[in-house]
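Trainee: Have a look at the structure that comes next, please.
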Amino acid sequence: MKSIALKFSLLIALIFSSNDFKPITQPKVEEFQGQAFYVSKSTMELGKWGARLSEEQKKQVKARLKNRLEKEYILTFNKEEALFYEDEKLDAMSGATDSWGKNFAPGKQYKNVKTNTQIQSQEFYGKKFLVKDELQNIDWKLGKETKQIGNYMCFKATASIPTNDLAWYDFSWSRLRNTNNETQESDTTSAETEKQSIAMTDVEAWYSPQIPVGHGPLEYWGLPGLILEVSAGNTTMLCTKIVMNPKEKLEIEAPDKGKEITKAKYQETIVEKMKEFRNNRMGRRRG
């Protein structure tokens, strides 16, 4: 009896060790992955200065700034992680350069929705920074409206987000003026008054539950499906292509070079450097 049991055990062992039979295993989380390709288009307000230009001159200005107003991005993602970066091949092919704009453009961005972490590489006038912080807090309002984007059914979501939080890597002279005003104001300013003075940006996003990940481009995330389109301010970003589970494994690695800093400290650094830049220019004019 023992001999029969032993032979049966050996037979089972041989079957499971055979190259023709392998136990079925569930795919790991990191094996679910994909890539989304986005096109970003921004409109430019010329303001009072633009009012003095002819229609032909306006076209020329917009043509010169096309590489800043129209960009392409790639989002590589799995269930938990995402890496978002600009596809700079078109600029490289055309030879177009925008050295000023690159100082205030978003760098390579890593997000982890499980650990609530964002790591982003930024370069400001030759100095490299590694911006580490929490993901942007977004209070999404889910709507019932739907629309088709490519092969995916999408649902609408809206939110209102502090403008400075959305574009913390950017700079505007109005931010510098606001900073100067804040330092001149009395410390007795009420919290309610400060809250009212915060500029907000209305955001409209379209996400697809058919791709069940909480990722999206730039600062946007946290919806029950991949964000395929998002509009905020004068910019709209639209997904034009999706590749799911490609044959070759996609690497998602967080940037790791540069001086570590938070988003708020990075904003302060930009403002201080631009103050120096302005003061140096004014000093040269006076001289």
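Trainee: Under 6 Å between Cβ atoms, which residue pairs at least 6 apart in sequence (or on different chains) link something in segment 155-178 that is over 16 Å from Thr235 (Cβ atoms) with a partner that is assigned to a loop (DSSP other than H, G, I, E, B) and modelled with pLDDT of 90 or more?
Mentor: Filtered contacts from segment 155-178: Ala157/Trp140; Ala157/Leu223.
Trainee: Mind checking which residues of segment 236-257 are of a type outside the set (D, E, K, R) and either under 17 Å from Ala82 (Cα atoms) or crowded, with 17+ Cβ neighbours inside 10 Å (or both)? Let's see the steps before the verdict.
Mentor: Here is the first cut: in segment 236-257, the residues of a type outside the set (D, E, K, R) are 236-240, 242-246, 250, 252, 254-255.
Scanning segment 236-257 gives Met237, Leu238, Cys239, Ile242, Val243, Met244, Asn245, Pro246, Leu250, Ile252, Ala254, Pro255.
Trainee: Out of the residues in segment 258-277 meeting the condition of being surrounded by 12 or more Cβ atoms within 10 Å (Cβ to Cβ), more than 13 Å from Gln122 (Cα to Cα) and among the charged types (D, E, K, R), tell me which one is modelled with the highest pLDDT.
Mentor: Glu268
Trainee: Now a separate question. Inspect all residues belonging to segment 165-184 and state whether any of them is among the β-branched types (Val, Ile, Thr) and modelled with pLDDT of 95 or more.
Mentor: no
Trainee: Could you list, in sequence order, the residues of segment 121-165 that are of a type in the set (A, V, I, L, M) and touching a Leu at 6+ places or on another chain (Cβ under 6 Å)? So that I can check it myself, show each step before the final result.
Mentor: As a first pass, look at segment 121-165 and keep what is of a type in the set (A, V, I, L, M): 130-131, 135, 138, 142, 149, 153, 157, 159, 161.
Passing the criteria: Ile149, Ala157.
Trainee: Another question about this same structure. Looking only at residues that are assigned to a loop (DSSP other than H, G, I, E, B) and under 13 Å from the mean Cα position of the chain (by Cα) in segment 215-235, which one is surrounded by the fewest Cβ atoms within 10 Å (Cβ to Cβ)?
Mentor: Out of the qualifying residues, it is Gly222.
The values are calculated or read from the model by the stated rules, or taken from the named source; none is laboratory data. Please read all numbers here as calculations on a predicted model, not as lab measurements. Here the Cβ is made from the backbone with ideal geometry for all residues, glycine too, and neighbour counts use every protein chain on show.
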